[in-house]
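The values are calculated or read from the model by the stated rules, or taken from the named source; none is laboratory data. Computed from a prediction, not measured in an experiment: that's the story for all the values here. Neighbour counts are summed over all protein chains in view; Cβ atoms, including those assigned to glycine, are modelled from backbone coordinates with ideal geometry.
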Amino acid sequence: MKSLLFRSLIVLGMLGLVACQSAQSSKASAPAKKAAKAPAAKLLITPQAAVDLGYSTAWHQAVNASNADPVTATSVLDDKMLVVIQGASRVITAIDINNGSVIWKKRIERSGNLYPASKLEEYILVNNEAEAFLLNEQTGEIVNIIKLPHVSSTGATIIDDRAIFGTITGLVYSMDLLRNIELWGYKFHSEIKAPIAQADQSLVIADIRGIFGKVSGLDGTMLFREKTFGPIVAKPAVNDLSIFIASEDQFVYALNRTDGVEQWKRPFGTPLKHDPMAIGLSVYLPVNGDGLYALDALTGEIKWKKNSSIYAITGDDNSVLVAQPNVLAVLDAKTGDILRAAPAHRILKATPLKDDNLILIGRNGDIIKLNKR
C-alpha cells in the first residue's frame, strides 16, 4: 500500500496535475515541476507501473538509437508491423507487433531525409526527397527504387494503391509507383511541411502560407480550399464531423468535414505548432509554453487545461491517455481529473493500436508493447 501511494505521489509531481484549471484559467505563472528520477531499472515503464495504468507488458525490444542516431520516424502498418527509422544511419527496422521479434533490418544507402513508412500492396514504401524505395515486406530487400518527379517534403499517403506526396513547391501529386506513372497533381501556394491527414478517400493538406484544403485522393479534385493568416506546420485532425487546423496565426479552426464551412475558431495568443488530436467529443491541443488544452469538439469551448507539457495519445468520450517523457496518465475526458497514472522513462512516442493496446518507443531505442488489461 505504501509503495502504491509513493508511486502515485511521484507521478502527480511529475505531471504537475494536482490542481485542475477551469476554462477561465490564465497561463501558468511558473513552469511545471521538474520530472522525478526515473525508475532504477531504466525501463520505459516497469511491469508494475503498466499494471497501475491498466495494462500488462507484452514484450520488450530495442533498436540501437542514440543522440547521434535517434529514432526519427515510426509507423504502425496494418497493426501487424512496426517500422522504425533512424535518420542519421538511415537504418530501417521492421518489428512484428504480435511477438516483438525483429523481422528485418535494412540500411538505405542513399542520402536524404527518410520519411515515415507506409504499406503499398505487398511492399513497404519509404521515400526521401528524391526517391521512393519499395522494400520486400518479408525480407526488407529493396525491390525497386523510383526517381520521384518532384522534390518531396512529406512521406507517402496511400489511397487506392496510389502514393500521394506533398512537395517543397506546394504541389500535391499522386503516383502509381508500380508502373512509375504520375496520375494527377494539385498546386498549393507554398511548401507542404505539415503531414497530410486522411479523411476516407480524401486528403486534408496545408502549406506554410496558411492555405489548406480537402482534395480527393482518387483524382485530385479540390473539394474545398480555405486560408489562415500564418504558416501551418501541424498535422490537421479529423473526426466524423469536422476538420481541425492549428495555425501559427495563433488560432485553431474547426470546419465542416464535407464543405469546409467554419464551425468555430479559438485564439491562443501564441503560434500553434503542435498537432491537434480529435478523440471522442474533444480536441486536445498542446500549446507551446502553456500546456495541454481540452476543447469541446462541437463548440470550441475549453473544457479543462493542464499546465504541463503533455500530449494526448488515445481515448474515447470518457477518458484520454496522455503522456510526457516521464509519465503516462489516464484523465477524465470531461474534467481532466486523474483516473490512473504511472511513472515512465524517456518516452519519445506512444502509439495506440486498434485493439486498445499501446506501443511505447523510448529515446534510447527501447520499445515496449502494452496490452490492455
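Here are some notes:
- Flag if Gly140 is among the small types (Gly, Ala, Ser), under 15 Å from Ala156 (Cβ atoms) and either at pLDDT 95 or above or part of a loop (DSSP other than H, G, I, E, B) (or both): no
- Identity of the residue in segment 205-239, over 20 Å from Pro286 (Cα atoms) and hydroxyl-bearing (Ser, Thr, Tyr), that ends up farthest from the chain's Cα centre (by Cα): Thr221
- Selection from segment 68-107 of residues that are part of a loop (DSSP other than H, G, I, E, B) and under 21 Å from Glu137 (Cβ atoms): Asp78, Asp79, Lys80, Arg90, Ile97, Asn98, Asn99, Gly100, Ser101
- Filtering segment 36-60 to residues that are assigned to a loop (DSSP other than H, G, I, E, B) and either more than 23 Å from the chain's Cα centre (by Cα) or modelled with pLDDT of 90 or more (or both) leaves Ala36, Lys37, Ala38, Pro39, Ala40, Ala41, Lys42, Leu44, Ile45, Thr46, Gly54.
- Of all residues assigned to segment 183-192, none qualifies as being under 30 Å from Gly280 (Cβ atoms) and either surrounded by fewer than 16 Cβ atoms within 10 Å (Cβ to Cβ) or among the basic types (Lys, Arg) (or both).
- Among the candidates Val261, Val283, residue that is over 19 Å from the mean Cα position of the chain (by Cα), at pLDDT 95 or above and among the β-branched types (Val, Ile, Thr): Val261
- On inspection, Ile196 passes the criterion of being under 23 Å from Ser75 (Cβ atoms) and in contact with a strand residue (DSSP E or B) (Cβ under 6 Å, 6 or more places away or on another chain).
- A single entry from Ala323, Ala312 fulfils the requirement of being outside any loop (DSSP other than H, G, I, E, B), over 20 Å from Ile243 (Cβ atoms) and among the small types (Gly, Ala, Ser): Ala323.
- Options Pro325, Pro352; residue that is surrounded by fewer than 19 Cβ atoms within 10 Å (Cβ to Cβ), touching a residue at least 60 places away in the same chain (Cβ under 8 Å) and closer than 19 Å to Val71 by Cα: Pro325
- Members of segment 275-293 that are in a strand (DSSP E or B), among the aliphatic types (A, V, I, L, M) and either farther than 15 Å from Lys235 by Cα or touching a residue at least 60 places away in the same chain (Cβ under 8 Å) (or both): Leu292
- Candidate set from segment 160-176 (those that are among the hydrophobic types (A, V, I, L, M, F, W, C) and surrounded by 23 or more Cβ atoms within 10 Å (Cβ to Cβ)); member that is nearest to Gly213 (Cα to Cα): Val172
- One residue alone among Ile85, Ile92 is touching a Lys or Arg at 6+ places or on another chain (Cβ under 6 Å) and closer than 22 Å to Thr154 by Cα, and that residue is Ile92.
- Of all residues in segment 286-307 being over 16 Å from Ala254 (Cβ atoms) and surrounded by fewer than 21 Cβ atoms within 10 Å (Cβ to Cβ), the one that is modelled with the lowest pLDDT: Gly289
- Test for Ala197: is it touching a Pro at 6+ places or on another chain (Cβ under 6 Å) and at negative phi: yes
- Taking the numbered list (1) buried (at least 17 other Cβ atoms within 10 Å of the Cβ); (2) modelled with pLDDT of 95 or more; (3) closer than 27 Å to Leu77 by Cβ in turn, His345 passes all entries but (2).
- If you go through segment 145-157 and pick out every residue that is surrounded by 15 or more Cβ atoms within 10 Å (Cβ to Cβ) and either of a type in the set (S, T, N, Q) or not in a loop (DSSP other than H, G, I, E, B) (or both), you end up with 5.
For every residue, the table says whether it meets (1) modelled with pLDDT of 95 or more; (2) of a type in the set (D, E, K, R); (3) touching a His at 6+ places or on another chain (Cβ under 8 Å); (4) on the phi > 0 side of the Ramachandran plot.
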{"residue": "Lys80", "(1), (2), (3), (4)": "yes, yes, no, no"}
{"residue": "Arg90", "(1), (2), (3), (4)": "yes, yes, no, yes"}
{"residue": "Ala94", "(1), (2), (3), (4)": "yes, no, no, no"}
{"residue": "Ile108", "(1), (2), (3), (4)": "yes, no, no, no"}
{"residue": "Ser111", "(1), (2), (3), (4)": "no, no, no, no"}
{"residue": "Lys119", "(1), (2), (3), (4)": "yes, yes, no, no"}
{"residue": "Glu122", "(1), (2), (3), (4)": "yes, yes, no, no"}
{"residue": "Ala132", "(1), (2), (3), (4)": "yes, no, no, no"}
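- Just one residue in the set Pro236, Pro267 is surrounded by fewer than 23 Cβ atoms within 10 Å (Cβ to Cβ) and not polar (S, T, N, Q); that residue is Pro267.
- Hey, Ala65 hydrophobic (A, V, I, L, M, F, W, C), surrounded by 17 or more Cβ atoms within 10 Å (Cβ to Cβ) and in a loop (DSSP other than H, G, I, E, B) or not: yes
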